[in-house]
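Values in this text are rule-based calculations from the coordinates and carry no lab data. Keep in mind that what you see is a predicted model, and the values were worked out from it rather than measured. Cβ: placed from backbone, ideal geometry, glycine included. Neighbour counts: every protein chain shown.
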Amino acid sequence: GQQVMQIPQYQHVQEGEDFTTYCNSSTTLSNIQWYKQRPGGHPVFLIQLVKSGEVKKQKRLTFQFGEAKKNSSLHITATQTTDVGTYFCAGGFNNDMRFGAGTRLTVKP
Amino acid sequence: DGGITQSPKYLFRKEGQNVTLSCEQNLNHDAMYWYRQDPGQGLRLIYYSQIVNDFQKGDIAEGYSVSREKKESFPLTVTSAQKNPTAFYLCASSIVGRLSGANVLTFGAGSRLTVL
């Protein structure tokens, strides 16, 4: 079946360090979404990527969609304690959407 | 403010009991979804509904039931047939009524069910 693999499962960084999470699919995606879930909270939509090779930025967050539309990444520059939480990708297929398992980010002040 | 309201936030259940989780939205969204979240497993789809009086099974529908009698409401019943019901349950909605990566999901705050 259609699956989206996300790595790493956990990432612990010192405040100010960078962070990256990756998502991969064995089949071509129609698009990909990213969500953030704060501890004790619910997922909140961050962004959607649709085009091959697309790059979008939101302040310190950079989102990329691979040329083959099979992978994506979220990069946070100079992490802050407010970045803590779990980041999920959600890969879109023609009539389905699959969430990755998420990457849990902790930031040490 | 528009949003999704889930209740109760916390629920304890004895084995063998059915429980119903409420989900109400005032976003005028066509589609509604129920996801289950377990540690390290991401979000798994239980059921979804694209329009009123219609719903489809997701990947893990066994032991669950839903109804969609009103556009605003999509309650989930966790039945005694669900072998491992302890989890965090998330309700979501989207504008368009098709399960697709093009749909942006708005989530409720979730309901945490614990079976004693």
task = Starting from 0 in steps of 5 Å, tell me what percent of the Cα-Cα pairs of region A:14-53 lands in each bin.
result = 6, 15, 19, 23, 20, 11, 6, 0
ask   = Magnitude of the Cβ-charge dipole of the protein assembly as shown, K/R +1 and D/E -1, about the Cα centre, nearest 20 debye?
value = 140
key: Coil-residue GluC sites (Glu not before Pro) of region A:1-54, DSSP, other Cβ within 10 Å capped at 15   = A:Glu15, A:Glu17
key: Largest-first principal axis extents of the Cα set of the protein assembly as shown (Å)   = 47, 37, 37
query = Excluding same-chain residues fewer than 8 positions from B:Lys9, which aspartates and glutamates have a Cα within less than 19 Å of its Cα?
reply = B:Glu24, B:Asp38, B:Glu72
message = Just want the ordering: A:Thr86, B:Thr5, A:Thr62, from fewest to most Cβ atoms lying within 10 Å of their own Cβ.
response = B:Thr5, A:Thr62, A:Thr86
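Which order do B:Ser22, B:Ser49 fall in if you start with the one that has the fewest other Cβ atoms within 10 Å? Working shown, then result.
Numbers: B:Ser22 15, B:Ser49 21.
Exposure proxy ranking, most exposed first: B:Ser22, B:Ser49.
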inquiry  = What number does region B:13-72 give for Rg over Rh if you use C-alpha atoms and the Kirkwood radius?
reply    = 0.99
query = Counting pairs of alpha carbon atoms under 8 Å apart in space and at least six apart in sequence, what relative contact order in percent does region B:18-116 give?
reply = 31
message = Over 21 Å between Cα atoms: which of A:Lys36/B:Lys14; A:Lys36/A:Lys56; B:Lys14/B:Lys71; A:Lys36/A:Lys57; A:Lys36/A:Lys108 fall into that group?
response = A:Lys36/B:Lys14; B:Lys14/B:Lys71
task = Give the residue from A:Ser30, B:Val52, A:Phe63 lying farthest towards the positive end of the charge dipole for the protein assembly as shown; charges sit on Cβ (+1 for Lys and Arg, -1 for Asp and Glu) and the dipole is referred to the Cα centre.
result = A:Phe63
remark   = Rounded to the nearest whole number, the Stokes-Einstein translational diffusion coefficient of region B:26-116 at 20 °C and 1.002 mPa s (Kirkwood radius, C-alpha pairs) in µm²/s is 161
note = In whole Å, largest first, the alpha carbons of chain A cover along the principal axes 42, 26, 20
inquiry  = Contact order normalised by length for region A:1-92, with contacts defined as Cα pairs under 8 Å and 6 or more residues apart; what percent is it?
reply    = 36
ask   = Using the beta-carbon distance between B:Arg44 and A:Ala78 and R0 = 30 Å, what value does 1/(1 + (r/R0)^6) give for FRET efficiency, to the nearest 0.05?
value = 0.35
note = When A:Tyr35, B:Tyr35 are ranked with the fewest other C-beta atoms within 10 Å first, the list becomes A:Tyr35, B:Tyr35
ask   = Restricting attention to region B:32-116, which GluC sites (Glu not before Pro) occupy a DSSP loop and are surrounded by at most 13 other Cβ atoms within 10 Å?
value = B:Glu62, B:Glu69
query = Between the DSSP loop rule and a limit of at most 11 other Cβ atoms within 10 Å, which trypsin sites (Lys or Arg not before Pro) in region B:1-39 are left?
reply = B:Lys9, B:Lys14
query = Label points 7 Å out from Cα along the Cβ direction at B:Lys83 and A:Val50: separation in nm?
reply = 4.2
